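The values are calculated or read from the model by the stated rules, or taken from the named source; none is laboratory data. Please read all numbers here as calculations on a predicted model, not as lab measurements. Counting neighbours? That spans all protein chains shown, and the Cβs are built from the backbone with ideal geometry, glycine included.
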Amino acid sequence: MDPSLEVSMPHLSPRTLTVLAASALLVAGAATTLAPASYAAGETCRGLAATIVGTPDTSVLEGSDGDDVIVAGGAGSVAAGDGDDVICAGDGTLELNGGDGQDILDVTATTLPDGVLLYPGDGDDEVYGGVGDDLVVDGFDASVDHGDDLISTAGGDDTVVSGNFPVEAGLRVDADVIDLGDGDDVLTRRGDPRTTSLTGGGGQDSLAFSAAATPDPAAVLSIDNVAQTARVGEVPLATWDGFESFVVGDADDDPEPVGGVAFRGTGADERLSTLGQAGSLDVRLGGGDDVLDVRLGEYSGQVLGGPGTDLVQASGVRGFTDVAADLAAGRIEWTVSPVGGLDLAAVEDLRVTDADRVSLIGDAVANVFSTDRTCHTRLVGAGGPDLLRVGRPVTVDPDTTQGQRCGASPAVIQGGPGNDRLTGRKTDDVLTGGPGRDVANGLLGRDRCVAEVRYACELR
C-alpha cells in the first residue's frame, strides 16, 4: 500500500458535521427543480454560456448526464450529475455536487461568511472557493475521489478533506494540488506524496496526518516543519508550505498505537496535537511560543521546548488517569490507565484535563499551570511569578460525555518566591501564596487563603 495521509473526520467542526447531515437529508428528500434552458439566456459561468440556470425558489437544481454549464441563481443546492460540468454559484446556494466527470466548481462570487459545501466528485476537478468558510469534501467514505484535483479555497476559515477513505487494496490514490489561501484553514489529506502540492497560505493553518495505513505501522511518523516534509520510517509521505499546526492520528480512527511520532519545529509559533496512542514521542519544538497537545497513552519519549514560552497540554483517558509533573526534575508521568511518561526540557507551562489525581510542580522560571475536569488537584509554584488555576471538579468520559462529580475534593494551590496569582474553584480550596506579593481568589466554596491580596476567601 502506498504511503498516505489519513482522513480523520472527527477533526471536522460541529458546524461542519451539521452541514453534512443536513445536506444528506436535502439530497434524499427534497423535490428537485430543473430550470428550463430558455431561462439561461444571457447568463454565463467562467465565460461560458449557461445551459441551466436556477432561481432562489429552486431547492435542488439538477444537471443532465452530459456536459452542463450551470449558474445556480440562488438555488439551494446543485447536483450536476455525470459529464464535464462547469458550475458557478453566489449567495443563497449552500451546496454544489459535481458528480462524475472533470468538473469546475466556482463559488468566488459568494459574499456570506458561512461559505458553501462543495463535493467535486470523481474525476480531475477544479474547485475555487469564496470569501466564506467553505467546506470541500473531496473523497471520504461515500464520496470517494480518484481524480487529480486543483483546489483553491481563497479567503475564509476553510476545511478541506482530500483523498480516498477508506483505501481499498490496489486503489490509486489521488494527487491533488491544494492552496488554502488566507484564513485559519484545516486540511485533512490522503494522497500520493510524489505529485501533491499542499499550500497553507496566510493565517494559522492545520495539516492532519495518520500512519494507520502506511506499509509499516510500527515505523515512526516524522514531521519536519523546517524542511516542510514528512515521512514514515524512510518513506516520503508529504511536502508542504505554510502550515503552522499539525495533527497526528485520532483516538477513534486509530485504535492501535502507531510506532511513534517525531517532530521538529521552526522558530515560529507552532502546534502539534497527538490524538492517537503513539509508541514514542521525540518532540523538538524550536523557537516561538509552541503548544504540544498530547492524549496520554502507553508511550515514552522527550519534549524539548526552546526559546519562547512553550505549553504542554495533557488529557487523560476517561478521567481515570493520575498525572504528576515536576518541571524542575524535567519529567511528567501518568499512571493507572494508561501508564507512560515524558522527559521535559525548556517547557514553561502545563495544562491537564480529564484526570483524577493531578500534581504539578514548577521550576525557577515563571510558570502557568491550569487544570480542568480533574478531581484531586495540587499545583505548586517555585521561583518566578506563577499563574496557578484549577478548573471544574468533574471527570468526563469522552465516549459518552457523561461526567462524574468529584465530591468535595479541595484543590491545594501553593505559590513560591515571586508575585503569584492563585485561583481556586467551587470546592473548599487551600491557597497559599508564599514569599512575594501574591493574589488569591477562592471563587466559590469555603476557601482558606494566605496571600497579600485575597478575593472570595472565607478563611485565613
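Among the residues of segment 277-296, those identified as assigned to a loop (DSSP other than H, G, I, E, B), at pLDDT below 95 and either of a type in the set (A, V, I, L, M, F, W, C) or touching a strand residue (DSSP E or B) at 6+ places or on another chain (Cβ under 6 Å) (or both) are Gly279, Leu296.
Screening Gly265 with (1) of a type in the set (Gly, Ala, Ser); (2) under 19 Å from Asp148 (Cα atoms); (3) at pLDDT 95 or above gives one miss only, at (2). Considering only residues that are modelled with pLDDT of 80 or more and in a strand (DSSP E or B), look in segment 139-177 and name the one that is nearest to Ser197 (Cα to Cα). Filtering segment 139-177 for residues that are modelled with pLDDT of 80 or more and in a strand (DSSP E or B), the one nearest to Ser197 (Cα to Cα) comes out as Val177. Please verify whether segment 328-342 includes one or more residues that are part of a loop (DSSP other than H, G, I, E, B) and closer than 20 Å to Ala208 by Cβ. No, that holds for no residue.
Among the residues making up segment 387-402, those that are loosely packed, with under 15 Cβ neighbours inside 10 Å and either modelled with pLDDT of 65 or more or within 18 Å of Val352 (Cα to Cα) (or both) are Asp397, Thr401. Taking the listed residues Thr321, Thr309, Thr335, the one that is β-branched (Val, Ile, Thr), within 24 Å of the chain's Cα centre (by Cα) and surrounded by fewer than 19 Cβ atoms within 10 Å (Cβ to Cβ) is Thr309, with no other qualifying.
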